[in-house]
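The values are calculated or read from the model by the stated rules, or taken from the named source; none is laboratory data. Everything numeric in this text was worked out from a predicted model, so none of it was measured. Glycine gets a Cβ as well: all are built from the backbone with ideal geometry, and neighbour counts include every protein chain shown.
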Amino acid sequence: MTLATDVIPLGERAQRSILDHVIAIGDEAETTYLEVKSSLDLSSKVGVAKVAKFLLGAANRRPREAATHFHGYAVLVIGAQKGSTPGVPRGVEAHELEDRLRPYLGPQFPAFEFGRIGVGDGDDREVLFVIAQPPQDGQPIFPCHKGFQGEDRRDNLEDGAVYVRGTSNTRPARAGEVLALVERARGGGRAPIDLHVEILGSIGRVDRVDEVLERLYDFEEEAFSKRHQPDKSTFASTSMLLASSVLGGRPPQTAEERAECLDAWRSEKPAHVAQGREHFLGVGLPGIGIRVVSRDRFVAKPHLIVTFHGCEVFDYREADEADYNKVVEPVLPRHDLLRPAFGPSELRITPRGYPVVWTNRGDDAEVVLTPDSFRPNVAWTSDQDDYVILARDSQAGSVSVTWVLTEDGSDAVARGEFKVTAAELIDAADLFETAFLKGE
């Protein structure tokens, strides 16, 4: 049974809904905003201490978190359990309960609400609802003002202790929770985040990428089939004359061997095309970076996610890394004994702790920035040799960019959105010529 928590739990209709939920699932209903007691003697010390503990924990919640359910209110249900409503004796008055609670809560404790629903055949039993007010920014920490030692240590209260609501119980606050309450007492803690995010460099638009790559692979296959070494004007590789590891270090001699090599190459073609596309665009397009300025506000250990909607991201490659054989995989793999199999440009190892990570997520490109901090009114800028961004729709004149920022020690989330004009459209053949055939 799902409980609707987008209501204020003060009216009978809302309280009956809560009661039905408790009857349906019992103690499993307990959360940060709801506690259940099947029976409680509110004339006894232990009964009053249990209510005091709940109210103290509810008062020491953080406003933003509390507001997600019951508009910030928290509810203690007394006299209900899974499958039944034993209730408590009718006659408990709110002002009498307040007088018994005051020694534990202190004189400055916020008021609470009181509700009741009659149960059973007679008029002598009822279910009680003790309803804590929503916490507010600027409120102080509410410590316990009086100790209590019960037979069950879970009911104990310590004078001066700070209690908070856990997932399904009330417990002493941990250090981080105390610090968060100190921030609450300062009026919400830090000022709202006001962030300016700017893109450095340009988002590429390239037409006919797949078509040009397909043509290049056709040239490679045609050159292999002709059994001669093509010149560079055909964009074909020189690997035909190099030994094939498949054939034990010698070129294919028979038609069957050539067919075997070609079939193996064709079977891997989709993967090779995808890798070649990444290398081609990584070399051909300019890198971009992100500049961030936090206005009048220090941001500690920020986690900034910048999403380029309808885009792809690729590793940036320097111009001298351009390698035709990484765009078009040769039919016969090239074995250059004068250099290691994996050079620095192929490894692309990101140093541990590097504050920039980029990835493709669905149809979008996502960049995550995690620097140590953003200092007030001081620009933080990422390098422009990490990645390139390509608009998936080559005809789109602009790209939508959104960002989401969180910071260490705060529940606040800042968001923004803006448009970036894409670069002038370039044909893939022209881009390839510029990047791979310049000076040939």
Within the stretch 1-13, how many residues turn out to be without any contact (Cβ under 8 Å) to a residue 40 or more places away in the chain and in contact with a strand residue (DSSP E or B) (Cβ under 9 Å, 6 or more places away or on another chain)? 2
Only one of (1) more than 30 Å from Ala180 (Cα to Cα); (2) surrounded by 13 or more Cβ atoms within 10 Å (Cβ to Cβ); (3) at pLDDT 95 or above; (4) of a type outside the set (Lys, Arg) does not apply to Ser394, and that is (3)
Looking at this structure, is Arg297 at pLDDT below 75 and touching a strand residue (DSSP E or B) at 6+ places or on another chain (Cβ under 9 Å)? no
Would you confirm whether any residue within the stretch 125-141 is surrounded by fewer than 18 Cβ atoms within 10 Å (Cβ to Cβ), under 37 Å from the mean Cα position of the chain (by Cα) and under 21 Å from Asp41 (Cα atoms)? no
Kindly indicate the residue of the stretch 401-420 that is of a type in the set (S, T, N, Q) and at pLDDT below 95 and also nearest to the chain's Cα centre (by Cα) among those meeting that condition. Thr406
Just for the stretch 1-52: of the residues that are of a type in the set (S, T, N, Q) and in contact with a Phe, Trp or Tyr (Cβ under 8 Å, 6 or more places away or on another chain), which one is farthest from Arg125 (Cα to Cα)? Thr5
Would you be able to say whether some residue in the stretch 70-84 is of a type outside the set (Gly, Ala, Ser), in contact with a Leu (Cβ under 9 Å, 6 or more places away or on another chain) and surrounded by fewer than 20 Cβ atoms within 10 Å (Cβ to Cβ)? no
Among the residues of the stretch 285-301, which ones are surrounded by 17 or more Cβ atoms within 10 Å (Cβ to Cβ) and either farther than 30 Å from Glu321 by Cβ or not assigned by TED's automatic domain parsing to the domain that holds Arg415 (or both)? Val293, Ser294, Arg297, Val299
Residues (aliphatic (A, V, I, L, M), closer than 12 Å to Leu200 by Cβ and in contact with a Lys or Arg (Cβ under 6 Å, 6 or more places away or on another chain)) located in the stretch 378-400: Ala379
From (1) of a type outside the set (D, E, K, R); (2) under 30 Å from Glu183 (Cα atoms); (3) at pLDDT 95 or above, pick out the condition that doesn't hold for Leu19. (2)
Search result, residues across the stretch 267-309 that are assigned to a strand (DSSP E or B) and farther than 21 Å from Pro192 by Cα: Ile288, Gly289, Ile290, Thr307, Phe308
Kindly provide the set of residues from the stretch 419-433 that are in contact (Cβ under 8 Å) with a residue 12 or more places away in the chain and surrounded by 14 or more Cβ atoms within 10 Å (Cβ to Cβ), ordered by number. Val420, Ala422, Ala423, Leu425, Ile426, Asp427, Ala428, Ala429, Leu431, Phe432
Is it true that Arg116 is assigned to a helix (DSSP H, G or I) and over 15 Å from Ser168 (Cα atoms)? no
Can you give me the number of residues within the stretch 45-94 that are outside any loop (DSSP other than H, G, I, E, B) and either small (Gly, Ala, Ser) or under 20 Å from Val22 (Cα atoms) (or both)? 24
Can you spot a residue in the stretch 270-278 that is within 30 Å of Asp411 (Cα to Cα) and either assigned by TED's automatic domain parsing to the domain that holds Val404 or crowded, with 22+ Cβ neighbours inside 10 Å (or both)? no
For the stretch 157-179, which residues satisfy the criterion of being without any contact (Cβ under 8 Å) to a residue 40 or more places away in the chain and within 24 Å of Asp27 (Cα to Cα)? Pro172
Quick check: is even one residue across the stretch 260-277 closer than 30 Å to Ala396 by Cα, modelled with pLDDT of 75 or more and in contact with an Asp or Glu (Cβ under 7 Å, 6 or more places away or on another chain)? yes
